[in-house]
Amino acid sequence: MRFVVSGEWTRNHLLKAIVLCFLGYTLLLWLSNFGMYFAKMTLAPSSVVEYYLGSEERFLQARTMQGMLEVLHFHSFAMGILLLTLTHLMLFVPISMRVKAWGICTAFLAGIGDELSGWAVRFVHPGFAWTKVGFF
């Protein structure tokens, strides 16, 4: 990161290539996440609840604790590394420290909220994630 601070960023083509490749991988991650999500459910709360709790009409079994733990295990590491990298880069953006702190906290809270929302739907209450945020 000294390249960004010292101004060498504009002259270091390898550093630019590395950051662009990382952003390409991040875009691929987001696109594949989008595809996998909509292959299983829609944005309707009922389809999310059906995915986690199962459906006899569609022959869907409820998500098991073991299955959800396996997903959480991988996602917590992968999302942690992604958020670490992105928020670390945010430190070098020329904006106020207050905005940086807000952005970093928001990113990590949104990430953990995303990882735990399925657990809330499955094991706490089907409407938990939707009513607490105020969507429905």
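The values are calculated or read from the model by the stated rules, or taken from the named source; none is laboratory data. A quick note: this is a predicted structure, and the numbers were derived from the prediction, not measured. Counting neighbours? That spans all protein chains shown, and the Cβs are built from the backbone with ideal geometry, glycine included. Calculation scope for accessible area: heavy atoms of the full protein, side chains included, ligands and nucleic acids excluded. Shrake-Rupley method; radii C 1.70, N 1.55, O 1.52, S 1.80 Å.
Taking first residues from the stretch 78-95 that are without any contact (Cβ under 8 Å) to a residue 40 or more places away in the chain and partners that are open to solvent by less than 70 Å² (accessible area, probe 1.4 Å) and outside any loop (DSSP other than H, G, I, E, B), the Cβ contacts under 6 Å between residues at least 6 apart in sequence or on separate chains come to M79/G111; L83/A107; L83/G111; T87/I104; T87/A107; M90/K100; M90/G103. Only residues in the stretch 20-36 that are closer than 18 Å to L83 by Cβ count as the first member; pair them with residues that are in a helix (DSSP H, G or I) and hydrophobic (A, V, I, L, M, F, W, C), Cβ under 7 angstrom, at least 6 apart or cross-chain, and list the lot. That search, which allows pairs on different chains as well, returns T26/L82. When E50 is tested against the conditions (1) under 30 Å from C21 (Cβ atoms); (2) in contact with a strand residue (DSSP E or B) (Cβ under 7 Å, 6 or more places away or on another chain), the lone failure is (1). Taking the stretch 18-58 as the range and being out of contact with any Gly (no Cβ under 9 Å at 6 or more places or on another chain), more than 20 Å from M79 (Cα to Cα), part of a helix (DSSP H, G or I) and among the hydroxyl-bearing types (S, T, Y) as the test, the residues that pass are S46, S47. Does L109 fit the bill of being among the aliphatic types (A, V, I, L, M) and surrounded by 11 or more Cβ atoms within 10 Å (Cβ to Cβ)? Criteria not met by L109. Note on the stretch 83-103: residues that are of a type outside the set (F, W, Y) and more than 21 Å from G24 (Cα to Cα) amount to 9. Looking across the stretch 84-106, the residues that are outside any loop (DSSP other than H, G, I, E, B), loosely packed, with under 15 Cβ neighbours inside 10 Å and polar (S, T, N, Q) come down to T85, T106.
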